[in-house]
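Structure first, then comments.
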Amino acid sequence: MHPDTLSVHAGNVDDLIGSVVPPINLSTTFERDEAGNIGGKGFIYTRMDNPNRRALETKLALLEAGEEAIAFPSGNAAALAIAESVLEPGMHLIMPDDCYHGIASLIKNMLARWKVSHTEVDMTDPRQVEKVIQKNTGLILLETPSNPMLKITDIEAVSSIAKAHGILVACDNTWTTALIQRPLELGVDLVFHSSTKFFGGHSDILGGVVIVKKKNAVSQRLREFQVTGGVVPSPFDCWLLNRSLATLSLRLGRQVQNALTIVDFLKTHPRVEKIYYPGLPDHPNHAVAKRQMNGNFGSMISIQVKGGEKESMRFAGRLRIFKHATSLGGVESLIEHRRTAEGQSPKSPDNLLRLSIGVEYIDDLIADLKNGFNG
Ligand SMILES: Cc1ncc(COP(=O)(O)O)c(C=O)c1O
């Protein structure tokens, strides 16, 4: 079935009374069958599995075209689960020089304590990735488009380099989702998401997920991290996320359409110093983006505002529909001064603002941006 249909129906199970909307199952424990078999009726204990989590995981695996999905309570937990499942102490990973700062600090601080070393590299050039491969490299992490500079990595090229060296590749697909970009079909082994963003879509659920191309020893380790590590999302969060996924295609379609009009407005605006959007023909990686994204380039835009940090903050503060807040992918438009959100070692230029475009009426969004610049 088409992803638009899957995102509405996949994973929904018949509850024997014909509920069209699956109920939330809050039971932490499940009865044995009449012969006393544990799990005889399909479930044992909710940390191990739960009807709402199973429904969600079924839908997410089908959407991203993987054999199995393992849901977590946040995107960072999903990234940590990958590291724990793929790497051993003494191993090395390669990460992009531009990526979500929370995952960068997970690698630099937490994984370093577990004796996992790392190299940051500009992944817009796959040859640079090959150059930093070590004998003990076990994982290459991709994030494309990257957060917040919207750099594009050639997923197929990096995956084939990794394969030649026997290294696994995991791709953060949060910013596009499988509706725009399908990394598992381009050679990646694991896709992960902060489902807090586009999958959730309403800025009211924290979640994460890893989708594996193949069920294997790594997927078993991921499941162990979830079940035995106890890193599980609640039944309510799974239910809510499952509900949100039904409108993913509608939301994302509108968000991308709004983003295109906003890019058009911003790209020639005299107060904008620089714009970052992979759909623009003069974006340095536009050709790769065109090849590996489905003709849509997402709804995330970064700009540098003339006048430095002071002017960019002033602009963000004058907006009324765009909220100056962190996060992205929801129905409401957000704008964020990234540098002040990046903790102790910020990397973004001091005049960089990241925009997450929502589903509001486009003329209102444009008017808001105009007011912000003119005020
Ligand atoms: C690209 C990307 N990956 C992962 C994460 C982490 O997700 P979470 O906040 O759900 O832990 C974020 C959060 O902003 C993100 O933007």
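Every read-out reported here was derived from the displayed coordinates using simple, explicitly stated rules and does not represent laboratory data. Just so it is clear, the model here is predicted, and its values are computed rather than measured. Please note: Cβ atoms are built from the backbone with ideal geometry, for glycine as well, and neighbour counts cover all protein chains shown.
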In degrees between 0 and 90, to the nearest 10, how far off the longest principal axis of the chain does helix 155-164 point, with axes built from Cα atoms?
-> 50 degrees
What is the extension gain from Asp97 to Ala287, computed as 0.36 nm multiplied by their sequence separation minus the C-alpha to C-alpha distance, in nm to one decimal?
-> 66.3 nm
Most mobile listed residue (Pro96, Pro270, Pro126) in the chain, GNM with C-alpha springs under 10 Å = Pro270
To the nearest 0.05, what FRET efficiency results for Asp364 and Gln344 with a Förster distance of 30 Å applied to their C-beta separation?
-> 0.20
Once every DSSP H run of n ≥ 4 in the chain is given -39500 (n - 2.57) and the sum is divided by its residues, what mean residue ellipticity at 222 nm do you get, rounded to the nearest 500 deg cm²/dmol?
-> -10000 deg cm²/dmol
Partners for Lys323 among lysines (Cα-Cα distance below 18 Å; same-chain residues under 8 apart left out) = Lys197, Lys310, Lys370
Interchain or long-range residues, amide H under 5 Å from Met293's placed H = none
What are the ³J(HN,Hα) values, in whole Hz, obtained from phi via the Karplus relation 6.51 cos²θ - 1.76 cosθ + 1.60 with θ = phi - 60°, for each residue of the range 321-334 in sequence order, with x given for Gly and Pro?
-> 7, 5, 8, 7, 7, 7, 5, 6, x, x, 5, 9, 6, 10
Cβ-placed point charges (K, R +1; D, E -1), dipole of the chain about Cα centre in debye, nearest 20 | 640 debye
A correct fewest-to-most ranking of Ser348, Ser333, Ser203 by other Cβ atoms within 10 Å would be Ser203, Ser348, Ser333
Charge context of Pro281, other residues only, Cβ under 13 angstrom, K/R +1, D/E -1 | 0
To the nearest 0.05, the calculated FRET efficiency linking Gln134 and His9 through their beta-carbon distance, R0 being 41 Å, is 0.35
Along the range 194-199, what does the Karplus equation 6.51 cos²θ - 1.76 cosθ + 1.60 (θ = phi - 60°) give for ³J(HN,Hα), rounded to whole Hz, x for Gly and Pro?
-> 8, 6, 4, 8, 5, 4
Say R0 is 45 Å: what FRET efficiency, to the nearest 0.05, do Lys274 and Ala217 get from their beta-carbon distance?
-> 0.50
Surrounding net charge for Arg254, when Lys and Arg each add one and Asp and Glu each subtract one, Cβ distance under 15 Å = -4
Which of Met48, Met123 comes first, and how do the rest follow, when ranked by fewest Cβ neighbours within 10 Å?
-> Met48, Met123
Cα gyration tensor shape of the chain, rounded if a/c is under 1.5, else prolate or oblate by comparing a/b with b/c = oblate
Report the net charge of residues surrounding Asn52, where surrounding means a beta-carbon distance below 15 angstrom and charges are Lys +1, Arg +1, Asp -1, Glu -1.
-> 0
Going by a ≥ b ≥ c, the root eigenvalues of the Cα gyration tensor, does the range 305-375 fall in the rounded group (a/c under 1.5), the prolate group (a/b larger than b/c) or the oblate group?
-> oblate
